[in-house]
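The values are calculated or read from the model by the stated rules, or taken from the named source; none is laboratory data. Just so we're clear, the structure is a prediction, and the values are computed from it rather than from any experiment. All Cβ positions, even for glycine, are placed from backbone atoms using ideal geometry, and neighbour counts span all protein chains on display.
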Amino acid sequence: MFTFAYEAAIIVLSGFILLRIAGKKVMAEMTPLEMVTVLATGTLIGHAVSEHALWKTLVCIVIFISILILFQFLALKFDWMERLVIGKATLVVRDGQILKKNLYKMRMTMEQLELRLRRKGICNLSDVRTATIEIDGRLGYELVESAQPLTRGQAEQILSLFQKSMPPSDGSAHSLFEQIRKSDMRKQN
């Protein structure tokens, strides 16, 4: 009578476990193959619940995840497979000049690129040494030296020239990775 509830629970738990095995990434960082696998798995889970096809669905999900893991492994081993499955970053700005040919290949307009640059706080194209569209679609960039922000180390060097020093840190600002480091150290012990 309630076999559909039992099957639904098994499908959802199996899907969760198999997707955890497939790896964790933010949706924006997924490769096309990973995204298709996740979407297909979700669709299969939905159909399995409505059609009572538990084992057929689980076998299909295992096949999808296995193919994904195989392609990920091959991408780690072979550069040509990495380019095929994952892709490479595309250079769109070099020495303050937009590379229109590369934008055209990506079907991106200059206005779209300029929007991404503005969102990063870049007002002048001449401040950009290089900019790339990364494999996840985000903008990566390197500023020319004169446009780079001043670091604490550089500020300390400048102040040492004037025989002054930076006020000591009160230790209240914790590293974003401190909790992860502590957790990792506990696991190793």
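Would you check which residues across the range 80-114 are within 23 Å of the chain's Cα centre (by Cα), at positive phi and surrounded by fewer than 13 Cβ atoms within 10 Å (Cβ to Cβ) and list them?
Arg107
In the range 123-153, how many residues are under 22 Å from the mean Cα position of the chain (by Cα) and not polar (S, T, N, Q)?
Within the range 123-153, the first condition is being under 22 Å from the mean Cα position of the chain (by Cα), and the residues that meet it are 130-143.
Of the ones still in play, those that are also not polar (S, T, N, Q) are 131, 133-143.
So the count comes out to 12.
Considering only the range 65-79, state which residues are closer than 30 Å to Gly46 by Cα and surrounded by 17 or more Cβ atoms within 10 Å (Cβ to Cβ).
Once the filter is applied, which keeps residues that are closer than 30 Å to Gly46 by Cα and surrounded by 17 or more Cβ atoms within 10 Å (Cβ to Cβ), the range 65-79 yields Ile65, Leu68, Phe71, Gln72.
From the list Ile61, Ile65, which residue is at pLDDT below 90, within 30 Å of Ile10 (Cα to Cα) and either in contact with a Gly (Cβ under 8 Å, 6 or more places away or on another chain) or not in a helix (DSSP H, G or I) (or both)?
Numbers: Ile65 fails: either in contact with a Gly (Cβ under 8 Å, 6 or more places away or on another chain) or not in a helix (DSSP H, G or I) (or both).
Only one candidate passes the filter, namely Ile61.
I'd like the full set of residues that are surrounded by 14 or more Cβ atoms within 10 Å (Cβ to Cβ), of a type outside the set (A, V, I, L, M, F, W, C) and either modelled with pLDDT of 90 or more or in contact with a Cys (Cβ under 9 Å, 6 or more places away or on another chain) (or both), limited to the range 126-151.
Asp127, Arg129, Thr130, Thr132, Gly140, Tyr141, listed by residue number.
Which of the helices (runs of 4 or more DSSP H) found entirely inside the range 78-125 contain at least 2 residues meeting this: at pLDDT 90 or above?
Once the helices (runs of 4 or more DSSP H) in the range 78-125 are filtered for at least 2 residues that are at pLDDT 90 or above, what remains is 100-105, 110-119.
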